[in-house]
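Student: Before anything else, here's the structure in question.
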Amino acid sequence: YPILSKCLELAYLQSELPVLLRNRVRVLEMAIGEGSFSKLIFPPDAGVVGLELNPYYLQKARQMKHVREAIVCDCLEPPVAEGSFDLIVANNFLHHVTQKMKPLEQWSRIAERAVFNENTAFWASGWTAPYILAKLGLKTLASRISSRIEQEHWQCLVQKKELDSMVSGNYEIVRSVSFLSER
């Protein structure tokens with residue numbers, strides 16, 4: 001399930017980001033990690049500035065052709081001047097944050113546009129065990145297993161409507177796509 005979800009996110013970003021990058025925008029990637037995911041979505045000459053808390057991950061990210069600069073910092077309070085970027089990309093980061101509004105407010109001052117890939121509460125309940133248990137009518141057990149999945153993967157998941165509400169407080173949501181849903 002997590003692999004399928006990542007594949008769908010990747011396919012979407014590979015089709016969506018080239019349009020946003022057409023005019024040589026300045027891109028800031030939050031929590032770039034090792035850069036292995038974003039190297040699949042950015043062209044080698046993208047000149048991405050990557051932020052990451054883990055310096056060991058950044059050593060690998062710095063070697064990626066699409067990364068112009070890699071900075072060790074807390075992505076919740078990035079040391080970046082207001083208006084210094086055109087686009088922020090945050091791949092699967094906010095669902096690890098409990099107080100999502102604070103970074104969203106800060107990020108909106110850094111860049112006018114943002115692209116987010118995020119897990120919602122459905123992510124944990126959509127795994128095989130909780131999904132099957134819920135279909136069998138064992139909703140309490142399914143909920144407990146979903147909660148355990150959320151905790152083990154350091155997730156702070158919210159419903160899509162709640163996440164959209166938080167994002168729309170700082171950005172105009174131009175497009176919102178759900179890859180997997182119970183429907």
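The values are calculated or read from the model by the stated rules, or taken from the named source; none is laboratory data. Just so you know, these numbers come straight off a predicted model, no measurement behind them. Glycine also receives a Cβ, built like all others from the backbone with ideal geometry; neighbour counts cover every protein chain displayed. To get the accessible areas, we keep the full protein, side chains included, count just its heavy atoms, and leave off ligands, DNA and RNA. Shrake-Rupley method; radii C 1.70, N 1.55, O 1.52, S 1.80 Å.
Student: Hey, of (1) 10.9; (2) 10.4; (3) 13.1, which did the structure itself give for mean projected area of the Cα convex hull in nm² when calculated?
Tutor: Calculated mean projected area of the Cα convex hull in nm²: the matching label is (2).
Student: Turning to a different aspect of this structure: Using Cα centres only, tell me the gap between the range 111-172 and the range 54-69 in whole Å.
Tutor: Taking the Cα centre of the range 54-69 as reference, the centre of the range 111-172 is 29 Å away.
Student: Scan the range 59-121 for GluC sites (Glu not before Pro) in coil per DSSP, keeping those whose Cβ has at most 11 other Cβ atoms within 10 Å, and list them by number.
Tutor: Here the sparse-neighbourhood loop sites are GLU82.
Student: Near the amide H of CYS73, under 5 Å away, which other amide H atoms are found, from residues 5 or more places off or on another chain, if H is placed in the peptide plane?
Tutor: GLU52, LEU53
Student: Follow-up. For a quick check: with amide H placed at 1.01 Å from N, whose amide H comes under 5 Å from VAL89's, ignoring anything fewer than 5 positions away on the same chain?
Tutor: Here LEU28, GLU29, MET30, VAL115 satisfy the definition.
Student: Which whole-number value in Å² is the accessible area per residue of the chain, probe 1.4 Å?
Tutor: 58 Å²
Student: Looking at the range 1-125 only, what percent of DSSP beta bridges run antiparallel? Nearest 5 please.
Tutor: Antiparallel bridges: around 0 percent, rounded to the nearest 5.
Student: Could you tell me what percent of the accessible area of the range 60-142 is made up of carbon and sulfur, with a 1.4 Å probe and every protein chain present?
Tutor: Here carbon and sulfur together make up 53 percent of the probe-accessible area.
Student: Can you pull out the chymotrypsin sites (Phe, Trp or Tyr not before Pro) in the range 106-172 whose DSSP state is coil and whose Cβ has at most 12 other Cβ atoms within 10 Å?
Tutor: Counting only loop positions with at most 12 other Cβ atoms within 10 Å, the chymotrypsin sites (Phe, Trp or Tyr not before Pro) in the range 106-172 are TRP154.
Student: Net charge near VAL19: determine it from the other residues with C-beta under 15 Å of the C-beta of VAL19, scoring Lys and Arg +1 and Asp and Glu -1.
Tutor: For residues surrounding VAL19, the net value is +2.
Student: Another question about this same structure. Taking 0.36 nm per residue of separation and subtracting the Cα-Cα distance, what length does fully extending HIS153 through ARG175 add?
Tutor: 5.2 nm
Student: Over 30 Å between C-alpha atoms is what I'm after, so list which of LYS102/LYS135; LYS39/LYS100; LYS39/LYS139; LYS102/LYS161; LYS139/LYS160 land there.
Tutor: Violating the 30 Å limit, Cα to Cα: LYS102/LYS135; LYS39/LYS139.
Student: Could you give the length gained on full extension between ASP74 and LEU138, defined as 0.36 nm per residue of separation minus the Cα-Cα distance, in nm?
Tutor: Residue separation times 0.36 nm, minus the Cα-Cα distance, leaves 19.0 nm.
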